[in-house]
Amino acid sequence: MNEIGDIDKRIRQREISNRYIDLPVKFLIKHNITPNMISIVGFLCTSLAALLIALGWIYNNIMFGWLIPTLFGLAGAFDLFDGEVARRTEKDTQAGAFIDSNIDRLSDAIIILGLIYGGLVNYLLGYIILFLVLMISYIRSRAETEGVNMKGIGYMERAERIMFLLFTFIIELAFYHISVLTTGKSLTISVPFISSIPVTPAFFISIIVFTLAITYTVIQRFMHSFKSLKNHNENKVNSETLQD
């Protein structure tokens, strides 16, 4: 991904963000809801969604099952709101960013653990996914410590991961329950390495695509960071040589 593409991506994200979250953000600011409070509520929504997944609610009841994408969608919305509220109220402090970053990592981990314990993802694949998701965040953190600009770098940043999983939950719910209602039985497949319980073909394909996409993102961020640091070192050496 080149620099111009990264800038365009950030501009598009900002335009979409401003278009859809302006009213909720104004409401939160008006009622003195702090960014940290929003982050905590978002984490609680993610935790409850993960618990329901672990308990098998996605298949048990079509009415209650919809709580999972609803809660997860709300968590994703709150993840957008907290940063925007912080910027508009000038509360985007280092301490706030530290708390938000750690809550994000906990949220990432807990939803994957919910998938593992719910059987939708095999424990080995689940831990691979967890490792890759944490590596995406770690590479950015480590690279930015060295002065590398990582904004917009990566095919599957956190917002994209949330949206992908949200639509995956919705499709899985719809596919499973529609097949039960129309045929009297669930249309599922069982592949031991992918999941511990039978899942629909839609989820099977989605989780494979998700795993490949986050693997690609890790490679993207690693290569971008390495090349940026290598160029920086070469420029530094050339500058020192010219001075001598």
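Throughout, read-outs are computed from the coordinates displayed, never taken from laboratory work. Being a predicted model, the structure only gives us computed values, none of them experimental. Neighbour counts run over all protein chains shown; Cβ positions are idealised from the backbone, glycine included.
Could you tell me how many of the residues in the range 119-149 are assigned to a loop (DSSP other than H, G, I, E, B) and under 21 Å from I194 (Cα atoms)? Before you say what the answer is, go through the steps one by one.
Restricting attention to the range 119-149, the residues satisfying the condition of being assigned to a loop (DSSP other than H, G, I, E, B) are 119-122, 146-149.
Next cut, under 21 Å from I194 (Cα atoms) only: 119-122.
Looking only at that region, the number is 4.
Which number in (1) in contact with a helix residue (DSSP H, G or I) (Cβ under 8 Å, 6 or more places away or on another chain); (2) farther than 19 Å from L120 by Cα marks the one condition that E90 misses?
Just one mismatch for E90, condition (1).
Mind listing whichever residues of the range 212-232 are in contact (Cβ under 8 Å) with a residue 40 or more places away in the chain, hydrophobic (A, V, I, L, M, F, W, C) and closer than 20 Å to R161 by Cα? Full working, then the answer.
To start, the set of residues in the range 212-232 that are in contact (Cβ under 8 Å) with a residue 40 or more places away in the chain comprises 213-218, 220-222, 224-225, 228-229, 232.
Filter again for hydrophobic (A, V, I, L, M, F, W, C), leaving 213-214, 218, 222, 229.
A213, I214, V218, F222, listed by residue number.
List every residue pair whose Cβ atoms sit under 9 Å apart, with the two residues 6 or more apart in sequence or on different chains, where the first one lies in the range 127-145 and is among the polar types (S, T, N, Q) and the second, anywhere, is surrounded by 15 or more Cβ atoms within 10 Å (Cβ to Cβ).
Pairs found: S137/D104; S137/R105; S137/D108; S137/R158; S141/M150.
Which of the residues spanning the range 162-203 are within 29 Å of F78 (Cβ to Cβ) and assigned to a loop (DSSP other than H, G, I, E, B)? It would help to see each step written out before you state the result.
To start, the set of residues in the range 162-203 that are within 29 Å of F78 (Cβ to Cβ) comprises 162-177, 195, 199-200, 202-203.
S195, T200, listed by residue number.
Being touching a strand residue (DSSP E or B) at 6+ places or on another chain (Cβ under 7 Å), in contact (Cβ under 8 Å) with a residue 60 or more places away in the chain and farther than 24 Å from L23 by Cβ is true for just one of L120, L124, L113. Which residue is that? Explain how you work it out, then say what you get.
Numbers: L124 fails: touching a strand residue (DSSP E or B) at 6+ places or on another chain (Cβ under 7 Å); L113 fails: touching a strand residue (DSSP E or B) at 6+ places or on another chain (Cβ under 7 Å).
Exactly one of L120, L124, L113 is touching a strand residue (DSSP E or B) at 6+ places or on another chain (Cβ under 7 Å), in contact (Cβ under 8 Å) with a residue 60 or more places away in the chain and farther than 24 Å from L23 by Cβ, namely L120.
Restricting the range 146-180 to residues that are without any contact (Cβ under 8 Å) to a residue 60 or more places away in the chain and hydroxyl-bearing (S, T, Y), which is nearest to S225 (Cα to Cα)?
So, considering only residues that are without any contact (Cβ under 8 Å) to a residue 60 or more places away in the chain and hydroxyl-bearing (S, T, Y), the one nearest to S225 (Cα to Cα) is T168.
Out of curiosity, is D100 without any contact (Cβ under 8 Å) to a residue 60 or more places away in the chain, of a type in the set (D, E) and assigned to a helix (DSSP H, G or I)? Quick ask: steps written out before the conclusion?
On the way: without any contact (Cβ under 8 Å) to a residue 60 or more places away in the chain: no; of a type in the set (D, E): yes; assigned to a helix (DSSP H, G or I): yes.
No: the conditions fail for D100.
Does the range 159-176 hold any residues that are acidic (D, E) and surrounded by fewer than 18 Cβ atoms within 10 Å (Cβ to Cβ), and which are they?
Going through the range 159-176, the residues acidic (D, E) turn out to be 160, 172.
E160, the sole residue that qualifies.
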